[in-house]
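The values are calculated or read from the model by the stated rules, or taken from the named source; none is laboratory data. Treat the numbers as computed from the prediction; the structure is a model and nothing was measured. Here Cβ is always computed from backbone atoms with ideal geometry, including for glycine, and neighbour counts include all displayed protein chains.
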């Protein structure tokens with residue numbers, strides 16, 4: 001993991017572009033991306049797509065790993081409910097996503113940074129709009145900086161430890 | 001999670017190949033800079049660019065570098081893997097290493113085609129290639145497994161597309177189940193009079209083929225049947241077919257039609273579906289004289305016996321010891337196994353009531369083109385005499401093109417057939433009535449063999465062409481029974497108001513009402529307009545994204561009869577190529593259990609939609625034949641003991657690190 005060498009750009013700075021990692025299922029959203037390509041649609045260039053067979057393959061760890069290595073947002077794309085190529089993988093993805101999102105929000109990650117969308121193979125326009133919208137939202141939020149722990153990250157433990165000594169539940 | 005510390009394979013030698021794709025990629029991505037960058041990545045032994053990697057010399061490049069340069073991993077950055085992944089795997093294998101030591105990066109569909117800024121697109125290409133280089137180090141050699149194929153094929157839909165596909169397959173010696181939901185096969189084509197541009201009679205071409213279907217030893221024809229459920233996978237589909245009651249025992253009926261004759265209804269009172277309501281039929285009827293099978297059908301809605309239970313049942317009497325009528329029939333089901341399925345479910349025509357300006361359903365003498373097909377047809381309700389609803393023979397006819405096509409208010413696409421069938425109807429109406437015929441068109445589209453010639457012929461016959469979209473249809477003053485067509489003639493730059501006796505609306509083609517349900521049943525995709533989506537418009541025009549399911553005819557998009565038949569032949573050939581091989585090779589992206597690491601927690605078992613996971617001796621076990629490789633269990637396994645070939649955790653983690661590492 002390279003250490004950040006420059007001063008992090010200010011929130012919403014114009015010359016800063018977010019990095020978004022996307023996990024697209026092979027049968028719907030990845031094909032929508034192909035269709036957007038063959039239709040020569042234009043969208044924000046800061047999304048990096050990783051293909052998986054099914055959105056059900058997206059382990060929450062993948063999302064955490066991406067955020068921990070400098071992603072400013074993570075997008076998961078799957079087939080619409082009822083349309084999963086594997087019958088129900090997208091429902092599993094949804095279940096995990098809801099839990100993960102709740103946890104990340106609890107940890108202070110803005111909810112716009114993680115997104116799950118159902119995009120069918122025919123919905124290239126939706127794909128374009130989702131990517132553009134998410135890119136703009138994440139850009140407005142600024143860098144996630146989850147790859148570097150905040151300087152005072154250990155302070156919380158100290159407070160907790162002190163509280164424990166005093167017999168107070170934190 | 002299972003992050004591998006090493007690749008377990010020493011230091012691999014990776015070859016990276018960046019495709020220009022002519023200028024498709026090279027115009028937006030600085031391919032040379034990308035290759036130069038790729039060469040600096042750890043493990044990369046060679047990085048090259050080539051104009052067309054998919055071409056023979058491009059593939060040769062890979063082979064030669066593997067053989068001479070000792071490469072053991074290959075990355076190609078080019079178009080989408082759905083296009084050429086298989087091509088480059090073959091090239092990799094031809095070079096002498098396992099085809100799964102290859103990874104493909106899409107820098108065309110995912111990059112050069114969707115971005116305009118060269119700097120941004122180039123940076124993105126570098127990121128994606130870096131991810132692939134990271135990932136490919138962890139690739140393992142894999143083998144494709146073989147599964148036997150059931151040689152039978154199901155064809156869904158008995159229009160000309162389904163008929164042609166079924167006959168092609170049956171003639172090749174394969175058993176075909178042809179499923180049609182109407183009481184007879186034939187589809188829309190059976191309703192047409194003549195076909196453009198040759199003007200040969202539709203029935204003369206179609207009915208012999210229908211008869212062949214009915215009598216072919218290799219075809220099981222199921223009419224009044226629909227597919228209820230599809231299970232299984234390529235080569236081994238299990239299809240459940242629902243048979244709607246016909247109230248006639250098909251094998252016992254000889255098609256003598258005496259029952260129709262003696263029905264207590266002296267005359268028909270139900271609008272005849274085949275004649276689009278232009279004539280009436282009885283509750284017991286045969287859809288049309290050339291119907292296949294030649295078996296009558298009872299309509300439960302209008303039959304007295306069904307409505308009151310107190311009919312004299314003259315039909316049963318006359319049928320006598322043939323005993324073909326059975327009022328107690330109910331829905332039944334059949335389950336069959338097939339290796340491939342051809343979908344030929346056709347289209348529906350646009351309902352012009354949705355475009356109220358044309359006055360359909362308001363003015364009696366406004367007809368749809370399908371109704372006119374029946375009116376000009378010698379076996380139609382008027383025996384081919386063009387008689388209007390008010391009894392007159394038209395002296396002037398206006399044909400309105402593009403009704404429900406090329407219109408932002410209905411369908412934006414061109415329905416492809418309307419111009420030509422409008423010309424055909426213009427010719428037939430003029431021939432039969434001597435009427436003056438006015439075509440109101442946006443553009444005349446006459447591509448294809450003999451089409452432009454046909455247009456010229458009809459124009460020379462004196463049919464009028466007015467370039468303008470009809471804006472309004474209203475009754476002529478003075479109760480003449482005529483209507484006025486108002487349009488702006490864009491060639492003369494003035495508004496034309498032409499009174500006509502008869503209006504023909506050239507209605508466009510739309511996807512079937514239940515295309516969405518059918519799509520779900522067969523696990524395929526709908527594209528624009530609700531038509532079924534082909535796997536690739538040029539490389540796989542009759543395949544779908546679900547292996548073993550093929551498309552034929554207008555269910556894939558509007559098309560005329562020659563194109564439909566050509567496509568049906570192609571779909572049959574593709575299905576034949578699949579089932580005739582006897583086995584199918586499965587993508588080795590299945591999940592597997594590292595037994596030593598499995599805690600036996602059973603989390604995975606209920607997650608699998610294919611019940612491929614069982615617990616044996618306290619450990620999970622995956623049946624590779626049942627596993628289809630979605631990876632849902634892999635993501636859920638708490639101990640990380642389930643892995644997925646081609647999508648191993650470490651491969652995906654490496655991709656994540658790869659796209660995020662700075663260039």
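Would you mind telling me which numbered condition in (1) modelled with pLDDT under 95; (2) crowded, with 24+ Cβ neighbours inside 10 Å residue B:91 fails?
Unmet for residue B:91, out of (1) modelled with pLDDT under 95; (2) crowded, with 24+ Cβ neighbours inside 10 Å: (1).
How many of the residues in segment A:88-140 are at negative phi, without any contact (Cβ under 8 Å) to a residue 12 or more places away in the chain and part of a loop (DSSP other than H, G, I, E, B)?
So the answer is 1.
Among the residues of segment B:642-651, are any within 11 Å of chain A (Cβ to nearest Cβ), within 31 Å of the chain's Cα centre (by Cα) and either surrounded by 14 or more Cβ atoms within 10 Å (Cβ to Cβ) or farther than 25 Å from residue A:82 by Cα (or both)?
There is at least one residue in segment B:642-651 that is within 11 Å of chain A (Cβ to nearest Cβ), within 31 Å of the chain's Cα centre (by Cα) and either surrounded by 14 or more Cβ atoms within 10 Å (Cβ to Cβ) or farther than 25 Å from residue A:82 by Cα (or both).
When you go through (1) in contact (Cβ under 8 Å) with a residue 40 or more places away in the chain; (2) over 34 Å from the mean Cα position of the chain (by Cα); (3) within 14 Å of chain A (Cβ to nearest Cβ) one by one for residue B:119, which number turns out not to apply?
In the conditions (1) in contact (Cβ under 8 Å) with a residue 40 or more places away in the chain; (2) over 34 Å from the mean Cα position of the chain (by Cα); (3) within 14 Å of chain A (Cβ to nearest Cβ), residue B:119 misses (1) alone.
I'm told residue A:106 meets every condition in (1) at the interface with chain B (Cβ under 7 Å from one of its Cβ atoms); (2) at pLDDT below 95 except one. Can you identify the failing condition by its number?
Failing condition for residue A:106: (1).
Out of B:110, B:61, which single residue is within 14 Å of another protein chain (Cβ to nearest Cβ), touching a strand residue (DSSP E or B) at 6+ places or on another chain (Cβ under 7 Å) and either part of a helix (DSSP H, G or I) or without any contact (Cβ under 8 Å) to a residue 12 or more places away in the chain (or both)?
B:110 is the lone residue from the list that is within 14 Å of another protein chain (Cβ to nearest Cβ), touching a strand residue (DSSP E or B) at 6+ places or on another chain (Cβ under 7 Å) and either part of a helix (DSSP H, G or I) or without any contact (Cβ under 8 Å) to a residue 12 or more places away in the chain (or both).
So is residue A:149 out of contact with any strand residue (DSSP E or B) (no Cβ under 9 Å at 6 or more places or on another chain), at pLDDT below 95, within 16 Å of residue A:71 (Cα to Cα) and exposed (fewer than 13 other Cβ atoms within 10 Å of the Cβ) or not?
Here the answer is yes, as residue A:149 does meet what is asked.
Scan segment B:218-259 for residues that are in contact with a helix residue (DSSP H, G or I) (Cβ under 8 Å, 6 or more places away or on another chain) and more than 30 Å from residue A:85 (Cα to Cα) and jot them down.
Correct list: B:218, B:219, B:252, B:253, B:254, B:258, B:259.
Given the condition farther than 25 Å from residue B:522 by Cα and in contact with a helix residue (DSSP H, G or I) (Cβ under 6 Å, 6 or more places away or on another chain), answer yes or no: does some residue in segment B:166-181 qualify?
No, that holds for no residue.
Among the listed residues B:515, B:506, B:487, B:511, which satisfies the condition of being in contact with a helix residue (DSSP H, G or I) (Cβ under 6 Å, 6 or more places away or on another chain), under 19 Å from residue B:404 (Cα atoms) and surrounded by fewer than 23 Cβ atoms within 10 Å (Cβ to Cβ)?
B:515
If we scan segment B:238-247, do we find a residue that is over 20 Å from residue B:332 (Cβ atoms) and surrounded by fewer than 19 Cβ atoms within 10 Å (Cβ to Cβ)?
The answer is no; no qualifying residue exists.
Considering only residues that are more than 14 Å from residue B:604 (Cα to Cα) and within 14 Å of another protein chain (Cβ to nearest Cβ), look in segment B:616-630 and name the one that is nearest to the chain's Cα centre (by Cα).
Taking the candidates together, the pick is B:628.
Yes or no: residue B:137 more than 14 Å from chain A (Cβ to nearest Cβ), in contact with a strand residue (DSSP E or B) (Cβ under 9 Å, 6 or more places away or on another chain) and more than 30 Å from residue B:223 (Cα to Cα)?
Answer is yes for this residue.
Go through segment B:587-597 and count every residue that is part of a strand (DSSP E or B) and either within 10 Å of another protein chain (Cβ to nearest Cβ) or modelled with pLDDT under 95 (or both).
Residues meeting the conditions: 1.
Being more than 7 Å from every other protein chain (Cβ to nearest Cβ) and either more than 13 Å from the chain's Cα centre (by Cα) or in a loop (DSSP other than H, G, I, E, B) (or both) is the filter here; which residues of segment A:32-49 pass it?
Residues satisfying the conditions are A:32, A:35, A:39, A:44, A:46.
Of the conditions (1) more than 14 Å from chain A (Cβ to nearest Cβ); (2) buried (at least 19 other Cβ atoms within 10 Å of the Cβ), residue B:557 fails just one. Which one is it?
Every condition holds for residue B:557 apart from (1).
Filter segment A:50-74 down to the residues that are within 7 Å of chain B (Cβ to nearest Cβ) and touching a residue at least 60 places away in the same chain (Cβ under 8 Å) and list them by number.
Correct list: A:69, A:70, A:71.
Taking segment B:631-640, which residues are touching a strand residue (DSSP E or B) at 6+ places or on another chain (Cβ under 6 Å) and either more than 7 Å from chain A (Cβ to nearest Cβ) or over 23 Å from residue B:143 (Cα atoms) (or both)?
B:633
Which of (1) in contact with a helix residue (DSSP H, G or I) (Cβ under 8 Å, 6 or more places away or on another chain); (2) farther than 20 Å from residue B:652 by Cα; (3) touching a residue at least 12 places away in the same chain (Cβ under 8 Å) is the odd one out, the single condition residue A:85 does not satisfy?
The single condition residue A:85 does not satisfy is (1).
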